[in-house]
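I have placed the structure first, in the form of structure tokens, so that the comments after it can refer back to it.
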Amino acid sequence: MLLCRVQKRVHKQLNMISHFNNYIALTPIHRQNQGQRSDLSRVSFTMRSFQVESCVRKVKSELQQHSSQLPTRFFVNPVPRVSRNQAQEALFDYLHYTRSFTFTDAEHISKNSPCFMSSLLSKIDDNHKDVSKGLTKFLRYNPINEFEPFFESLGLCPYEFEPFLPQKLMYLSDDGIMFENFHALCNYGIPRGKIGRMYKEAREIFRYESGLLASKLSDYENLGLSKATVIKLVTSCPSLLVGGIDAELSSVVDKLKGLQVGCDWLGRYLSDRKTYRWRRILETIEFLDKVGCKDEKLSSLLKTYPALVMEGSGKKFYVLFGRLFKAGLQVNEIYRLFIDNPEMLSDRCVKNIQKALDFLIAIRMETQFITKIMQSHMELIGSCSLQAPRTACLSLNVRQEELCEILKKEPLRLFSFVSTTKQRKSKPLSEDSRKYSEKTAFLLRLGYLENSDEMVKALKQFRGRGDQLQERFNCLVKAGLNHNVVTEIIRHAPMILNLSKDVIEKKIHSLTELLGYPIESLVKFPAYLCYDMQRIHHRFSMYLWLRERDAAKPMLSPSTILTCGDARFVKYFVNVHPEGPAIWESIKQSST
């Protein structure tokens, strides 16, 4: 917009100059006034020169004035994979060889700072064919602020780490204390991508003297916690490393030590995306103990409903207790309800109980009747999701006052107003935790490190229960592959284990029986199992037909047959034989 305006002004002034020149050229000058004419020519030439120079100077100054206001050019479209890889290699070489970063640090920073990489690529010529050479040349004469890609590689966005950028420092080696504490966390086993949150929430820990941070981590292990649990604790609550050992957490650990679940129960249900209030968690456990859930019963309750204590640090539990107390139940009556109906503390039951209380209060039922219904029918109330009072009144064609009187006389009629809306059945928390534990155990058997970034990524990629994943894994082993070979295949193509056992067996049969290829072909091309069965059938059938007529090489790689596009396949596997197009059409029609 700004450039367009400047260009218009330039054209306008140049047009004025050309009109003035034409006017001068066409003005009648008498021959006899030759001296005057030459003077006028000199004047017009001087005027034209002055106007052109002043116009150019004005435009140039305007461009210089506003060029600083123009936004820096960034890549709007995603960076091509080839360019990205070349840029990562160039940045790695710069950090590792020029700046003497360790191999691990240089590799992690270069591969995990996409925003910085896009900004860096925008500073070299788009037409530069070799991105690596162009970027290497740029970095040779233009040192970068190393804190930017470093903070981004720790999991922080540019807007998050911008306030943390040092004012007078460019090199990470200039802040040796911070970098040393960062390495202390890495060496302990904390994933680099989660250290960014720790820096954001507890910057003090990165100013500790040498060895102090490692000793603080060891102190939490000395409480009786495993290393994996300590990693989860400090990534979810970085403030635990500020000051001495957190007394409230220590009390929670001591409390869990006396139970069958043990103190590492925390590690199984902690999430590094949440924060926890250890005082509230401790109070919740102590409250359950007072209610009558002693030792074995309390351990069973924590195993069955861990979210009761962990979700919101026990907040839902206190909300339910408060609602029942306000509804008119005495403290000892609530205690008795918890002892007789421990399942009422599950997430689903808490929602249903709160909905039932809202229902009874909305129809203005007296406190003593609400208390009576809650004490007599808590199990039913926790298992049913009720309709809204207005819907119930419409179904019976009565007013709210009349509905209240009906329920006073016949409390069981309350459960005739169960919501008919199709709701997703909420799985018990115990089942979810059991599936998570099974899946984690399966990944540990494959060689994944607990709490590593690789394991977190694998947990998201693999679908199904632990026993299902193991069954699919065994299917590949039974086909004739070595256990270690299958493990490597799964690491390279994890989506294989998302296929059902039947599908895996069918695809292996097509490869080994139909084509006669050895099962070891999967080692070079594991992605074969991820292709659609129809595509495999069509292309393998066409290839077999050609092979029988010596129109194709006898043992082409499965990747050559499957990975090429449809047009390329038709060109090289269909049109190579006069009868090919007709056979190809018949193959496709036979499967429809």
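The values are calculated or read from the model by the stated rules, or taken from the named source; none is laboratory data. Just so you know, these numbers come straight off a predicted model, no measurement behind them. All Cβ positions, even for glycine, are placed from backbone atoms using ideal geometry, and neighbour counts span all protein chains on display. Just the protein is used for accessible areas: all its heavy atoms, side chains included, with ligands, DNA and RNA removed. Shrake-Rupley method; radii C 1.70, N 1.55, O 1.52, S 1.80 Å.
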Please list, ordered by first then second residue, the pairs with beta carbon atoms under 9 Å, 6 or more apart or interchain, first in region 364-381 and within 13 Å of Cys349 (Cβ to Cβ), second exposed (fewer than 14 other Cβ atoms within 10 Å of the Cβ) and not aliphatic (A, V, I, L, M). Met378/Asp340; Glu379/Asp340
Any helices (runs of 4 or more DSSP H) falling wholly within region 513-577 and containing at least 2 residues that are under 27 Å from Leu481 (Cα atoms): 521-524, 533-548, 558-562
Flagged in region 169-189 as aromatic (Phe, Trp, Tyr) and in contact (Cβ under 8 Å) with a residue 40 or more places away in the chain, in numbering order, are Tyr171, Tyr188
Enumeration of residues in region 177-196 that are assigned to a loop (DSSP other than H, G, I, E, B) and open to solvent by less than 30 Å² (accessible area, probe 1.4 Å): Ile190, Pro191
Suppose we keep only residues that are surrounded by 15 or more Cβ atoms within 10 Å (Cβ to Cβ) and farther than 11 Å from Thr440 by Cα within region 454-468. Which one would you say is modelled with the highest pLDDT? Gln468
Taking the stated definitions as given, is Asp550 more than 21 Å from Leu476 (Cβ to Cβ), of a type outside the set (Lys, Arg) and surrounded by fewer than 15 Cβ atoms within 10 Å (Cβ to Cβ)? yes
Of the residues Val76, Val82, only one is more than 30 Å from Ala184 (Cβ to Cβ), among the aliphatic types (A, V, I, L, M) and at pLDDT below 55; which? Val76
Run down Leu481, Leu529, Leu514 and say which single residue is open to solvent by less than 40 Å² (accessible area, probe 1.4 Å) and closer than 16 Å to Pro558 by Cα. Leu529
Consider Lys216 carefully, then state whether it is under 30 Å from Glu152 (Cβ atoms), open to solvent by 50 Å² or more (accessible area, probe 1.4 Å) and either without any contact (Cβ under 8 Å) to a residue 12 or more places away in the chain or out of contact with any strand residue (DSSP E or B) (no Cβ under 8 Å at 6 or more places or on another chain) (or both). no
Of residues in region 83-131 being of a type outside the set (Lys, Arg) and over 26 Å from Gly193 (Cα atoms), the one most open to solvent (accessible area, probe 1.4 Å): Asn127
Which residue pairs have Cβ atoms closer than 7 Å, lie 6 or more positions apart in sequence or on different chains, and pair a first residue in region 485-507 that is touching a residue at least 24 places away in the same chain (Cβ under 8 Å) with a second residue that is of a type in the set (D, E, K, R) and open to solvent by 70 Å² or more (accessible area, probe 1.4 Å)? Asn498/Arg463; Lys501/Glu471
Search region 271-307 for residues being in a loop (DSSP other than H, G, I, E, B) and at pLDDT 75 or above, and hand back the single one that is farthest from Ala228 (Cα to Cα). Arg277
